[in-house]
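Working notes for the structure below.
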Amino acid sequence: MSRSTDYTNAAQQRVLRLINLLAGHELQGLAPTAISRSMGCSTSVVTRDMANLHTAGWAERTPDGDRWRLSPHVVQISLRHAAAIRAGEQNLQDVVQRFSRT
């Protein structure tokens, strides 16, 4: 879908790409230098972006403090999403049963 006005923000888009990059590295995490190489930005930008994700509860440091990873908050969001889908399925099934009675 094309819009006449671009409402995107480069910093926000970078943070979203960063979340995607961290996905799958929840055990070992990624070092800031590896993140900056993958993202094509400086380590100071990575430090700022990771601080924002950490403040929002989306990222945490590994126990050794040298790497970053996604926090359990991300999984908690996916569990809430799955619960909402299950509730929706149940609601739909209730409607089907109600209208299927003869």
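The values are calculated or read from the model by the stated rules, or taken from the named source; none is laboratory data. Every value quoted in this text rests on a predicted model; they were computed, and no experiment measured them. Backbone-built Cβ (ideal geometry, glycine too); neighbour counts: all protein chains shown. Keep in mind that these areas ignore ligands, DNA and RNA; they rest on the heavy atoms of the full protein, side chains included. Shrake-Rupley method; radii C 1.70, N 1.55, O 1.52, S 1.80 Å.
Heavy atoms only, 1.4 Å probe, whole protein assembly: order His73, His81 by accessible area, highest first.
Output order, biggest surface exposure first: His81, His73.
Sorting Leu27, Leu70 by accessible area (1.4 Å probe), largest first, what list results?
Per-residue accessible area, sorted high to low, gives Leu27, Leu70.
Nearest 10 degrees is fine. How inclined is helix 72-100 to the longest principal axis of the chain, computing both from alpha carbons?
The angle comes out at about 10 degrees.
Round to the nearest 10 and report in Å² the accessible area of Thr33, as given by a 1.4 Å probe over the protein chains' heavy atoms.
Number for this one is 70 Å².
Leaving ligands, DNA and RNA out of it, work out the accessible area of Leu53 with a 1.4 Å probe and give it in Å² to the nearest 10.
The accessible area comes out at roughly 10 Å².
Ranked from the most accessible area to the least, with a 1.4 Å probe and all protein chains present, what is the order of Ile35, Ile85, Ile19?
Listed by decreasing accessible area, they come as Ile85, Ile19, Ile35.
Run the 1.4 Å probe and let me know the accessible area of Arg67, rounded to the nearest 10 Å².
90 Å²
Measuring with a 1.4 Å probe in the full set of protein chains, what accessible area per residue, in whole Å², belongs to the chain? It would help to have the intermediate numbers written out before the result.
Details: 7560 Å² over 102 residues.
Here the residues of the chain average 74 Å² of exposed surface.
Relative contact order of the chain, please, whole-number percent, based on alpha carbon pairs below 8 angstrom and at least 6 residues apart.
Computed over the chain, the figure is 23 percent.
For the chain, with only Lys/Arg (+1) and Asp/Glu (-1) charged at the beta-carbon, what is the dipole magnitude about the Cα centre, in debye rounded to 20?
Computed about the Cα centre, the dipole is about 220 debye.
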